[in-house]
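Q: Quick one: the structure is below, and I'll ask about it shortly.
The values are calculated or read from the model by the stated rules, or taken from the named source; none is laboratory data. Predicted, not measured: the structure shown is a model, and the values here were computed from it. Using ideal geometry, Cβ is built from the backbone for each residue, glycine included, and neighbour counts are taken over all protein chains shown. We work out accessible area using only protein heavy atoms, side chains counted, and drop any ligands, DNA or RNA first. Shrake-Rupley method; radii C 1.70, N 1.55, O 1.52, S 1.80 Å.
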Amino acid sequence: MTSTGHDLPRLLGNARRWFDEGLTAAMRETGEQPVSPTQFGLFAVLDDDGTTVSELARRMGVTRQTVHQAVHGLVGAGLLEQTPDPGSARQRLIRRTAEGERVHRRALDVLERLERTLAERIGAETVEALRSALEAPWGPPPNDLP
């Protein structure tokens, strides 16, 4: 394989878009409600018992406002619900509804099939090496670069 000369962040972004586009197309093809990549990302970091908006924002690396917008859309679609947080009178927990859980399982199945397709195209060993590199602890980014 030859290098494109693109920087690694751009390549990682392109890879992410490949999965996002494949997931969106597969879900749309089966008649599922359209969900944005941000909303899919929210599903990926949501605890089964529910998660606060602040924690979702931290896990996703986005603002609370971005999470609020995604949550609002998913609540309106019947995929998420907000419930009181037993640990805090001021916070609410975001959880999947039964329909949200069904859609989440469907999305996980599609992502698994996309990964198998990728392995067929670029090789299972390459996908495994990519997974290993991405799962390795990288440590914090350096802050002393010139």
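Q: Give the number of residues within segment 74-108 that are touching a strand residue (DSSP E or B) at 6+ places or on another chain (Cβ under 9 Å) and touching a residue at least 12 places away in the same chain (Cβ under 8 Å).
A: Matching residues across segment 74-108 total 17.
Q: Only residues that are farther than 17 Å from Leu11 by Cα and open to solvent by less than 60 Å² (accessible area, probe 1.4 Å): list them for segment 133-146, please.
A: Ala136, Gly139
Q: Quick check on this structure: which one of Ala26, Ala15, Ala57 is in a helix (DSSP H, G or I), in contact with a helix residue (DSSP H, G or I) (Cβ under 8 Å, 6 or more places away or on another chain), without any contact (Cβ under 8 Å) to a residue 24 or more places away in the chain and surrounded by 12 or more Cβ atoms within 10 Å (Cβ to Cβ)?
A: On the way: Ala26 fails: without any contact (Cβ under 8 Å) to a residue 24 or more places away in the chain; Ala15 fails: in contact with a helix residue (DSSP H, G or I) (Cβ under 8 Å, 6 or more places away or on another chain).
Selected residue: Ala57, the only one of Ala26, Ala15, Ala57 that is in a helix (DSSP H, G or I), in contact with a helix residue (DSSP H, G or I) (Cβ under 8 Å, 6 or more places away or on another chain), without any contact (Cβ under 8 Å) to a residue 24 or more places away in the chain and surrounded by 12 or more Cβ atoms within 10 Å (Cβ to Cβ).
Q: So which of Val127, Val67 ends up being modelled with pLDDT of 95 or more and either under 27 Å from Ser36 (Cα atoms) or exposed (fewer than 13 other Cβ atoms within 10 Å of the Cβ) (or both)? Quick ask: steps written out before the conclusion?
A: Numbers: Val67 fails: modelled with pLDDT of 95 or more.
After ruling out the rest, the residue left standing is Val127.
Q: Here is a follow-up. Checking the conditions here, which among Arg116, Arg105, Arg121, Arg95 is open to solvent by 90 Å² or more (accessible area, probe 1.4 Å), farther than 20 Å from Gly13 by Cα and basic (Lys, Arg)? Before the answer, list the steps.
A: Working: Arg116 fails: farther than 20 Å from Gly13 by Cα; Arg121 fails: farther than 20 Å from Gly13 by Cα; Arg95 fails: open to solvent by 90 Å² or more (accessible area, probe 1.4 Å).
From the options Arg116, Arg105, Arg121, Arg95, the qualifying one is Arg105.
Q: Please state which of the following conditions Thr83 fails to meet, knowing it meets all the rest: (1) surrounded by 12 or more Cβ atoms within 10 Å (Cβ to Cβ); (2) touching a Gly at 6+ places or on another chain (Cβ under 7 Å); (3) more than 26 Å from Leu130 (Cα to Cα).
A: The number of the failed condition is (1).
Q: Taking segment 70-80 on its own, how many of its residues are surrounded by 15 or more Cβ atoms within 10 Å (Cβ to Cβ) and on the phi > 0 side of the Ramachandran plot?
A: Quick first cut of segment 70-80, residues surrounded by 15 or more Cβ atoms within 10 Å (Cβ to Cβ) only: 70-71, 73-75, 77, 79-80.
Okay, now just the ones that are also on the phi > 0 side of the Ramachandran plot, so none.
Of the residues in segment 70-80, 0 are surrounded by 15 or more Cβ atoms within 10 Å (Cβ to Cβ) and on the phi > 0 side of the Ramachandran plot.
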